[in-house]
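All remarks here apply to the structure that follows.
The values are calculated or read from the model by the stated rules, or taken from the named source; none is laboratory data. What you are looking at is a predicted structure, and each value in this text was computed from that prediction instead of being measured. Backbone-built Cβ (ideal geometry, glycine too); neighbour counts: all protein chains shown. Each accessible area value is taken on the protein alone, full model and side chains, heavy atoms only, with ligands, DNA and RNA left out. Shrake-Rupley method; radii C 1.70, N 1.55, O 1.52, S 1.80 Å.
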Amino acid sequence: MKLLQKWLIDNFDWQSLGLALLIIIVTIIVTKGIVSVIFNQIAKRLSKRFEIWRDILIAFERPVKIAVVFAGLVWALHVAHAPRLILHYVDEINKSVLIFSVGYGIYSLMSSLTDLLQYFGAKIHIEVDSIVMPFLKRTLQFIVMALTITMILSDWGINVNGVFAGLGLAGLAVSMAAQDPIKNLLGGIIIITEKPFQIGDAIESPSVAGVAEDITFRSTLIRTGDGALVVVPNATLSNEPITNWSRVAKRKISLVFYLALEADTKEIVAVSEEVMRQLSLDERFDADSVKAVISQVTPYGYEFNVNVFVNMNPDTDFSGDQADVNMLVLRILAAHNIHLSVNAKPISQQ
């Protein structure tokens, strides 16, 4: 035991080892404390005048920490006089980590691509299309990831052309079995180029109706009226007729009521006039489009049709307006003591 202790004391450079340990501790302190403080202080100062730079700092904060940690470890190993073989591979790994850190920072920055392009677009007076942004962001993220991996492989002396050739053959085999994802990708490109809707538009197709929230390589995310998030494959949506309610100036409300046959004719006329008068006075509706008439007499009762166009504004709640018209008619019918037919068909709404 004493011989072992003497050998350790005589053969280890404890001063260099202690200095290496101190470097590691300082590196951790710098990473956990100083780097975060510096980034936060710079972000606060820049965000007052250049808010867009805050996103850049946030994107590169973690990559800088990763690079600092590995640089500290490499320095510590050199100070501790590690074997040359280990130092050689550690230096190579450190270069790869540096490349990865830069790539990771740019990749993270792509998440703020919308804000960046809107900022620079406003500077040069170019309007940025909202539907292009999610797709473009993911495309650029893929390119950044591919370039980062390529640079790391090249730095290690790996033949990138051979790797890509192998991936090409594998990709051909995969593509044969992945026709649906390719169709969805092409469908996404069609949606972006033809621009049938923007992010935030209220749309309707045979498969879904709601507000477009996002578009990816594979699908489009639609928030329905009941709050559910529906994922629609791009291939499906690009092949369907799409009604964009956000781009119409007016949208029609059409209601049908079946009135009891014993209702007084004069009261029905009075109801028709009152409904048209009140809807015409409501600024939400087009006064010239208001109609409230008896279209026909059926075994179910008098078919009372109410039609009006809603003036579509950014804050228009079409479903709420339709419900208001429905309740208005029912209140006026009740005020004139007119009942709905007991044997009537269900009230239809469009």
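Here are some notes:
- Sorting the segments 64-73, 79-88 by their residues' average number of neighbouring beta-carbon atoms within 10 angstrom, most packed first, yields 64-73, 79-88.
- Remark: for residue pairs Lys95/Lys137; Lys183/Lys250; Lys65/Lys137; Lys32/Lys95, the C-alpha separation exceeds 32 Å in Lys183/Lys250.
- Difference of contour (0.36 nm per residue) and Cα-Cα distance, Glu194 to Leu140: 17.4 nm
- Under 5 Å from the amide H of Thr220 lie the amide H atoms of Val232, Asn234, each residue being 5 or more positions distant or on a separate chain, with H modelled from the backbone and absent for Pro and chain starts.
- Annotation: amide H of Val208 has no partner in the under-5 Å range at sequence separation 5 or more or interchain, hydrogens built in the peptide plane.
- Heavy-atom accessible area, probed at 1.4 angstrom with all protein chains present, ranks Trp245, Trp75, Trp156 as Trp75, Trp156, Trp245, highest first.
- Accessible area in square angstrom per residue, region 259-350, 1.4 angstrom probe: 60 Å²
- Mean Cβ count within 10 Å, highest first, over the residues of peptides 289-296, 98-105, 316-323, 198-205: 98-105, 198-205, 289-296, 316-323
- Largest first, the residues Arg277, Arg284 sort by 1.4 Å accessible area into Arg277, Arg284.
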